[in-house]
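**Q** Sharing a structure, written as structure tokens. Questions coming.
The values are calculated or read from the model by the stated rules, or taken from the named source; none is laboratory data. Because the structure is a prediction, the values reported are computed rather than measured. Backbone-built Cβ (ideal geometry, glycine too); neighbour counts: all protein chains shown. Each accessible area value is taken on the protein alone, full model and side chains, heavy atoms only, with ligands, DNA and RNA left out. Shrake-Rupley method; radii C 1.70, N 1.55, O 1.52, S 1.80 Å.
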Amino acid sequence: MLRVRGLTVAFGRQPILEGIDLDVTTGQFTSLIGPSGSGKTSILRAITALLRPERGTVTLDVPPNDVGFLFQDDALLPWRTVRQNVALGLRIRGVAADLATEKAERWLSLLGLEGLGDRYPRQLSGGQRKRVAIAQVLVLQPKLLLMDEPFASLDAIVRMRITQELLGWVEQEHLTVLLVTHDLQEAISMSDVVYVLSHGPRATIRARHEVTIARPRSVLETRSDPQFAPMFERLWNELSS
């Protein structure tokens with residue numbers, strides 16, 4: 001679904017990323033990990049044309065409207081209700097108000113937010129806001145979902161709960177995902193493929209690993225799988241050296 005070839009991104013004269021090649025296969029969950037400053041977010045921005053690379057190509061097998069982007073910080077508008085925020089993307093695409101509201105309510109219910117549609121973002125907890133942000137993206141039924149450390153601001157318990165919920169929806173809806181994360185446990189628990197970036201500047205793809213733990217998965221139970229500890233150690237060593 002996504003092919004990146006020879007991607008080079010520079011801010012000033014020195015490249016941050018150089019010669020990045022990666023593939024995201026339809027129906028797979030792919031994670032991208034790397035040290036701080038290695039350009040992980042820049043790759044996502046280049047994929048969505050929010051950033052113009054110096055060199056290289058990005059090929060998508062789906063139209064731009066079929067790509068969803070879940071940012072680290074939610075993009076909720078404070079003057080709109082929860083329901084209006086979730087329906088906004090549909091309205092921008094020309095969906096009738098009644099149908100957009102119906103779809104928004106469905107996703108709010110699916111994500112455990114039933115009855116909160118009339119609230120404003122300031123009236124929600126951090127976990128609830130994150131669920132609204134997820135609903136805001138999934139209501140558009142993307143075929144490729146890009147995620148930039150979307151759970152980094154959550155405490156450990158809420159993060160694990162929402163990660164499990166999202167993983168369930170990814171598996172149920174057969175979404176294709178590219179996740180940027182610093183969390184090695186999160187990457188292993190959720191992914192089919194993990195790419196490792198080297199230190200920047202001039203960061204490159206250092207390694208590619210396949211995770212063959214059976215699905216459906218439990219984020220917690222996956223950590224006791226025999227594959228988990230050896231994979232964690234390999235990734236840790238690659239990031240630390």
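**Q** List the residues whose amide H sits under 5 Å from the amide H of residue 178, counting only those 5 or more places along or on another chain, with H placed 1.01 Å from N in the peptide plane.
**A** When sequence neighbours closer than 5 places are left aside, the close amide H contacts are 30, 145, 146, 147.
**Q** Can you list the residues, at least 5 places off or on another chain, whose amide H is less than 5 Å from the amide H of residue 55, using H built in the peptide plane?
**A** Long-range HN contacts for residue 55: 8.
**Q** Taking the Cα centre of region 104-214 as the origin and placing charges on Cβ (Lys, Arg +1; Asp, Glu -1), which of 203, 104, 174 is farthest toward the positive end of the dipole?
**A** Among 203, 104, 174, the one farthest towards the positive end of the dipole of region 104-214 is 203.
**Q** Now a separate question. What does the accessible area per residue of region 109-230 come to in Å², with a 1.4 Å probe and no ligands, DNA or RNA counted?
**A** It amounts to 44 Å² per residue over region 109-230.
**Q** Something else about it: Report the charge-dipole magnitude of the chain in Debye, nearest 20, computed about the Cα centre from +1 at each Lys and Arg Cβ and -1 at each Asp and Glu Cβ.
**A** That gives a dipole near 600 debye.
**Q** What do you reckon, how do 92, 162, 205 stack up by accessible area (1.4 Å probe), largest on top?
**A** Values: 92 130, 162 0, 205 45 Å².
Sorted descending by solvent-accessible area, the residues read 92, 205, 162.
**Q** What's the carbon and sulfur percent of region 7-107's accessible surface, probe 1.4 angstrom, rounded to a whole number?
**A** In region 7-107, the share of accessible area belonging to carbon and sulfur is 49 percent.
**Q** Going by alpha carbons, how many degrees (0 to 90, nearest 10) lie between the helix axis of 228-240 and the longest principal axis of the chain?
**A** It is inclined by approximately 70 degrees.
**Q** Aspartates and glutamates within cross-link reach of residue 103: Cα-Cα under 14 Å, excluding same-chain residues under 8 positions apart?
**A** Straight-distance partners of residue 103: 114.
**Q** A further question follows. Read through the labelled values (i) -0.66; (ii) -0.59; (iii) -0.76 and report the label of the one computed as log10 I(q)/I(0) by the Debye sum over Cα atoms at q = 0.11 Å⁻¹ from the structure.
**A** So the calculated entry is the one marked (ii).
**Q** Just the accessible area per residue of region 24-74, please: how many Å² with a 1.4 Å probe? Don't skip to the end; give the middle numbers.
**A** Working: 2500 Å² over 51 residues.
With the other protein chains kept in place, region 24-74 gives 49 Å² per residue.
**Q** For residue 102 and residue 223, what does the FRET efficiency come to when R0 = 35 Å and r is the distance between their Cβ atoms, rounded to the nearest 0.05?
**A** Using R0 = 35 Å, I get an efficiency of 0.35.
**Q** Put 109, 240 in order of accessible area, largest first, 1.4 Å probe: what do you get?
**A** So, going from the largest accessible area down, we get 240, 109.
**Q** Rank these residues by their accessible area, most exposed first, probe 1.4 Å: 209, 182.
**A** 182, 209
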